[in-house]
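One structure is given below, encoded as structure tokens.
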């Protein structure tokens, strides 16, 4: 009989965590009976449920609101008592905290850090500090994230396991000219794209300013920014209006057709101020779209300058615009970069590779006693 694993997450809606689980679950299920549990009520997203149903993974919910802390505690404790999972693997703050305080003695708990410690509030940091002794192992999505948590998680082992990127979802180059027209972009325009919620942390204001400089040399260029509304939206719209480039900048909100948008684009630019991994960058690499990204510790783990992409200081407008123009003008350089980048993702971020890394950890944790793990 297979051992049981439950992935506990805050909510079940389109985003990084469900994508990770969707990519690794088919391989994890070779050795484990896999379930996904959302703490919060489900959003109406039938296509996401369909994807998990296709791979034979049951998704359940505690059906609570974010603020219903006591109800969350009682319902999760009851769920764990009934299911008796061998492994609980939680993702993100509330799921990590409640999993730690609700787990039974026989279940092993693994939690994953998805962001730098500096991006968490003090309450969340304290919750991790006080639940260290209850976790059997922690993982981090990059070396940079792991290192940022060293001072907080010294009592619990923490290894790096990258998030997976499914090459098949992004590598097929089908250019949809109808999509370009639907965005209001001229057929002859090159496209610079950014994917990320409209938050100040994402540095999109610097991209808008760099794009303004690009237009001076490359007037047949458009900028597309894909992502949910956030605290930077008003500033971005104001800057676009001030620079009088409203007909060239397209803020198109959240989209499900990211792979098609990336395949349509000529350059992917990511001027974020802080990232745990930067999954959007990896998706661009998988789609063979050349990347200009912030020179951050996490991103520099897989972007090598002039080899798998280009690195810039997030607010260096001149360097950013210069490297965008260089890519647009040098087709041979572009081909070299995208092929190297694609190979990097295929080799190190393949879902099978990532799933096997997790399987090794799960089996290690199950074989060891708690004293041996810590």
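The values are calculated or read from the model by the stated rules, or taken from the named source; none is laboratory data. Here the structure is a predicted model, which means the values were calculated and not measured. Don't worry about glycine lacking a Cβ; one is built from the backbone with ideal geometry, like all the others, and counts go over all protein chains shown.
Let me confirm something: among 21, 62, 37, which residue is touching a strand residue (DSSP E or B) at 6+ places or on another chain (Cβ under 6 Å) and either outside any strand (DSSP E or B) or at pLDDT below 95 (or both)?
21
Just to be sure, is residue 76 assigned by TED's automatic domain parsing to the domain that holds residue 140, at pLDDT 95 or above and surrounded by 21 or more Cβ atoms within 10 Å (Cβ to Cβ)?
Here the answer is yes, as residue 76 does meet what is asked.
Residues that are without any contact (Cβ under 8 Å) to a residue 60 or more places away in the chain: list the strands (runs of 3 or more DSSP E) wholly contained in the stretch 215-270 that include at least 1 such residues.
In the stretch 215-270, 221-226, 249-253 are the strands (runs of 3 or more DSSP E) which contain 1 or more residues that are without any contact (Cβ under 8 Å) to a residue 60 or more places away in the chain.
Quick check on my filter: what residues within the stretch 282-296 are in a loop (DSSP other than H, G, I, E, B) and in contact (Cβ under 8 Å) with a residue 24 or more places away in the chain?
Of everything in the stretch 282-296, those that are in a loop (DSSP other than H, G, I, E, B) and in contact (Cβ under 8 Å) with a residue 24 or more places away in the chain turn out to be 287, 288, 289, 290, 296.
For the stretch 263-275, how many residues meet the condition of being surrounded by fewer than 21 Cβ atoms within 10 Å (Cβ to Cβ) and either modelled with pLDDT of 95 or more or within 15 Å of the chain's Cα centre (by Cα) (or both)?
Matching residues across the stretch 263-275 total 3.
Go through the stretch 24-34 and report how many residues are surrounded by 21 or more Cβ atoms within 10 Å (Cβ to Cβ) and either modelled with pLDDT under 95 or not in a strand (DSSP E or B) (or both).
3
If you go through the stretch 297-329 one residue at a time, how many are part of a loop (DSSP other than H, G, I, E, B), on the phi < 0 side of the Ramachandran plot and over 15 Å from the mean Cα position of the chain (by Cα)?
Total meeting the criteria: 9.
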